[in-house]
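See structure below.
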Amino acid sequence: MSSDIITSLAPMAGYTDAAFRRICSEMGADYVVSEMISSMALTMGDRKTADLAKIHPGEAPVILQVFGHDPKVVARSVEILLTGNYPGCSYAAPPAGIDINMGCPVKKITSNGEGSALMKNIPLAREITAAAAEACAKYGVPLSVKHRLGWDSDSVIAAEFAYEMAKAGASRITLHTRTREQMYAPSASPEACRETAERLRELNVPLVGNGDIETIEDAKVYLAMGCSEVSVGRAALGNPWLFRQMKDPDSFTPPSLEEVIALVSRFVTQLVQEKGETVGIRESRGRAAYFIRGMRGSAKIRDRLNHCTGLKEFLTILESTTLEQQV
């Protein structure tokens, strides 16, 4: 029996590039979210930043995520993305929506008053959301906001914050159920979604649950707390099959070793095609490690991959992994 759980791939800097988004789309993610795009850098014409917004064939609907602290700059970046009027723009399909990151806990982001630091300044966060919502409305594209429970355990304001962002124009809210203080440490608190979902229900705005969703049972806990959807992050890095399992749990069978290695090989090949061999292989070392975690001799395999410099050698090592596991 198929499931009616709506799932998405959560935005993760350095991970949710087009190659990985495409794989998760194939596995059944209803939509995917890009890496964080700096509003300031985009408006200044930075080419590397613009490359983060590329949408390739084969992807599920793609939501582009932006971050910033200046309402006018954020609104301008939204217009740039939605018109596609920037150097290097490449959309196989237009953006399905815009998301504003108000949850990133990294110091590099928060020290500029961006990401989760905006939870300490509700008036500014509301102004940013309103400006972005106005820009999105011109093109008939929905706006969402992602945030955390609060800055720390003494300032858990998720329900109030979500309500204010929804009133300012966000048509969907994603709640990462940790505080900024917790960063990514265990454990997330899905029960915290209940109050936020109740507040948003007053405005008919859906809540997406995010944080430690590793199984279909985890997803059901979030749904029981009032969430309409779930957003899967780190658990998908080595197990994109999780989306397929959530869509059809009764008929799902875990992938074989050969299927895992075949998918990793294809993934690495696509990274190299899209980013060049030097960058693609460098990024593939850590990315492939998520897939081979738990295999016999995985530390040795990782070491070999870390010393690999070319695609042909990388694929040979992966192919030999299948044989080694069968010995």
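What follows is calculated from the coordinates using simple rules that are stated; it is not laboratory data. For clarity, every value in this text was computed on a predicted model and none was experimentally measured. For neighbour counting, all protein chains shown are included, and Cβ atoms are generated from backbone atoms with ideal geometry for every residue, glycine included.
Placing dummy labels 7 Å off each Cα toward the beta-carbon, the span from ARG266 to ASP4 is 3.1 nm. Close Lys pairs in the chain, defined as Cα atoms under 17 Å apart and 8 or more places apart or on different chains, number 9. Once you reduce the range 1-40 and the range 132-186 to the center of their Cα atoms, the two points are 18 Å from each other. In the chain, the calculated helix contribution to ellipticity at 222 nm averages -13500 deg cm²/dmol per residue, counting -39,500 (n - 2.57) for every DSSP H run with n ≥ 4.
At q = 0.06 Å⁻¹, what is the log10 ratio I(q)/I(0) for the chain, with the Debye formula run over Cα points and no solvent? Per q value, in the given order, log10 I(q)/I(0) is -0.21.
For the chain, the longest principal axis of the C-alpha atoms and the axis of helix 158-168 are separated by about 70°. For the chain, a simple Cβ point-charge model (Lys and Arg +1, Asp and Glu -1, everything else neutral) yields a dipole of about 720 debye relative to the Cα centre.
Given the Cα-Cα distance of ALA185 and GLU259 and 0.36 nm per residue of separation, how much length would full extension add, in nm?
Here the answer is 23.5 nm.
Relative to the longest principal axis of the Cα atoms of the chain, helix 277-292 runs at roughly 90 degrees. Relative to the longest principal axis of the Cα atoms of the chain, the long axis of helix 257-275 makes an angle of roughly 60 degrees. Extension gain, SER298 to ILE122, is 58.8 nm, computed as 0.36 nm per intervening residue step minus the present C-alpha separation.
Take the Cβ-Cβ distance between LYS107 and SER251 as r, set R0 to 51 Å, and report the resulting FRET efficiency rounded to the nearest 0.05.
0.70
Were the residues from TYR91 through GLU198 laid out at 0.36 nm apart, the gain over their Cα-Cα distance would be 34.9 nm.
Between ALA289, ALA170, ALA133, the Gaussian network model of the chain with springs among Cα atoms under 10 angstrom shows the greatest mean-square fluctuation at ALA289. Along the axis of the charge dipole computed for the chain (Cβ charges of +1 for Lys and Arg, -1 for Asp and Glu, origin at the Cα centre), the listed residues LEU82, ALA192, VAL106 are led at the positive end by VAL106.
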